[in-house]
Each structure stands twice: as structure tokens, then as C-alpha cells.
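Trainee: Before anything else, here's the structure in question.
Coordinate-derived values only; no laboratory data. Bear in mind the structure is a predicted one, so any value in this text is a computation, not a measurement. Glycine also receives a Cβ, built like all others from the backbone with ideal geometry; neighbour counts cover every protein chain displayed.
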Amino acid sequence: MTRSDLVEELANRFKQLTHRDAEFAVKTILDAMNDALVRGHRIEIRGFGSFSINRRPPRMGRNPRSGASVAIPEKRVPHFKPGKALREAVDERTSELTSPVPR
């Protein structure tokens, strides 16, 4: 699902919202999440999951073409951990789709 798909779904589910309002709502939520992660805060949405920042320490890597050593700097990357309800829902629905059809 893309951002525009999310906007469409929101506009379709809530008829009182115009497409522009749905787009503004999605943009506002994503911007707020982005700002919170940039500030180093953790985001938790009960039943869905949590977003946090993981630190990747600096390390030495290799250029695959030349084999030369390359210093890779420290990075901070976003991390998503799904909640229990989301994990169970995905597991249940995907097992229904992949289970053999009785003949």
C-alpha cells in the first residue's frame, strides 16, 4: 500500500472527508511520526506496533569491486516492531490464503 492508496482508503471510509482533507490528515500524521523519530522519541501504536531508532555502530566494510577497506560511519536507522495483534492477524490471514483447498 502506498501513501496515495492510504489517502484513497481514508477518503472512501469516511465520506465526510474530502480527498484533500484525507491527504492532509495522512501527511500530518506521517510528519508528526517523522519529527518524533528525528528527536529520538519512540512511537507506540497499541495493537499495531512501535517505531524506534536503532544505532548502527561504525565499522569497516569492503568495496566488492576493488576489495579495498572502506570505513562505514555510524548510522541511526528507524526500526519497526509489530505488535502482538498485528502479528497474529497477519499470521492468521496469510495461513488462510496459503492453506490447501479441500477437493
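Trainee: Restricting to region 31-49, name every residue that is within 18 Å of residue 75 (Cβ to Cβ), under 14 Å from the mean Cα position of the chain (by Cα) and of a type in the set (A, V, I, L, M).
Mentor: 37
Trainee: Got a number for residues in region 12-37 being more than 25 Å from residue 50 (Cα to Cα) and part of a helix (DSSP H, G or I)?
Mentor: 4
Trainee: Considering 88, 92, which residue is surrounded by 11 or more Cβ atoms within 10 Å (Cβ to Cβ), assigned to a helix (DSSP H, G or I) and among the acidic types (Asp, Glu)?
Mentor: Criteria check complete, one pass: 88.
Trainee: Let me ask another. Filter region 38-67 for residues that are under 27 Å from residue 5 (Cβ atoms) and in contact with a Lys or Arg (Cβ under 9 Å, 6 or more places away or on another chain) and give the result.
Mentor: Within region 38-67, 47, 49, 50, 51, 52, 53 qualify.
Trainee: Quick one: count up the residues across region 52-77 that are among the aliphatic types (A, V, I, L, M) and under 30 Å from residue 33 (Cα atoms).
Mentor: 3
Trainee: Checking the condition farther than 22 Å from residue 9 by Cα, more than 13 Å from the chain's Cα centre (by Cα) and among the polar types (S, T, N, Q), which residue from 94, 28, 98 passes?
Mentor: Every option except 98 fails the conditions.
Trainee: So, one more: Which fully enclosed strands (runs of 3 or more DSSP E) of region 38-81 have 1 or more residues being surrounded by 10 or more Cβ atoms within 10 Å (Cβ to Cβ) and of a type in the set (Val, Ile, Thr)?
Mentor: Counting at least 1 such residues, we get 43-45, 49-56, 69-72.
Trainee: If you don't mind, another one. From the list 59, 46, pick out the single residue that is basic (Lys, Arg) and closer than 19 Å to residue 86 by Cβ.
Mentor: None of the others qualify; the one that does is 46.
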